[in-house]
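The values are calculated or read from the model by the stated rules, or taken from the named source; none is laboratory data. Here the structure is a predicted model, which is why all the values come from computation and not from measurement. Cβ placement follows ideal geometry from the backbone for every residue including glycine, while neighbour counts extend to all protein chains displayed.
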Amino acid sequence: MTARDQDGVRPSGRQYEIGFAEQRAVVVEVGGGVRVYEVGGRPVLDPYPVDAMADGADGTPLVPWPNRLRDGRYRFNGTEYQLPLTEPDKHNAIHGLLRWCAWRLVTVSSAGSRWASGYIPHRANPSPSTSGPTSPPSTR
């Protein structure tokens with residue numbers, strides 16, 4: 001697996017190009033989403049332009065939950081928490097807390113890539129954490 005950092009300030013942040021065999025992906029700094037994924041030069045995902053911000057989840061790690069929390073509320077260990085409403089017109093908090101955080105490429109090897117994003121605690125989720133999904137190369 002190889003990686004290349006494409007410098008420059010863009011709405012989706014830095015662009016990290018990774019590849020393995022005939023596969024190529026561009027992972028973005030903002031949200032850690034996949035902007036481009038192709039195999040043999042053919043798109044597998046519907047890419048969005050390098051000068052655009054993602055208009056959906058677009059391959060982002062949905063940490064610590066996928067989907068929506070009604071009214072942005074949840075209860076954990078007897079305590080109720082209120083999250084910011086990220087879909088205010090629908091009264092929801094959607095797709096986790098790291099969707100708009102900065103992600104960085106930690107390592108790349110023949111076994112895959114490892115990514116990390118730090119999370120700063122706030123009232124809605126007071127637990128600090130670092131998330132780091134891995135991305136093994138496909139054998140297809």
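Before moving on, here are some points about what is shown:
- Qualifying positions in segment 67-97 - of a type outside the set (S, T, N, Q) and touching a Gly at 6+ places or on another chain (Cβ under 7 Å): LEU83, PRO84, LEU85, ALA93
- Pair list, Cβ under 7 Å, 6 or more apart: segment 34-49 residue farther than 19 Å from ALA102 by Cα, other residue in a loop (DSSP other than H, G, I, E, B): TYR37/VAL44; TYR37/LEU45; GLU38/VAL44; VAL39/GLU22; GLY40/GLU22; LEU45/GLY59
- Tally of residues being closer than 22 Å to ALA116 by Cα and surrounded by fewer than 19 Cβ atoms within 10 Å (Cβ to Cβ) across segment 87-98: 1
- For segment 117-132, the count of residues that are within 22 Å of SER12 (Cβ to Cβ), assigned to a strand (DSSP E or B) and modelled with pLDDT of 85 or more is nonzero.
- Checking ASP58 against (1) part of a loop (DSSP other than H, G, I, E, B); (2) within 11 Å of the chain's Cα centre (by Cα); (3) at pLDDT 85 or above; (4) closer than 22 Å to VAL9 by Cα, the condition it does not meet: (3)
- Verdict on SER138 being closer than 27 Å to GLY19 by Cβ, in a loop (DSSP other than H, G, I, E, B), at pLDDT below 85 and polar (S, T, N, Q): yes
- Residue in segment 44-59 that is surrounded by fewer than 16 Cβ atoms within 10 Å (Cβ to Cβ), more than 30 Å from HIS91 (Cα to Cα) and among the hydrophobic types (A, V, I, L, M, F, W, C) present: yes
- SER110 vs. criteria hydroxyl-bearing (Ser, Thr, Tyr) and at pLDDT below 85: yes
- Among the residues of segment 60-86, those identified as surrounded by 11 or more Cβ atoms within 10 Å (Cβ to Cβ) and of a type in the set (D, E, K, R) are ARG68, ASP71, ARG73.
- Identity of the residue in segment 8-27, of a type outside the set (Lys, Arg) and outside any strand (DSSP E or B), that ends up modelled with the lowest pLDDT: GLY8
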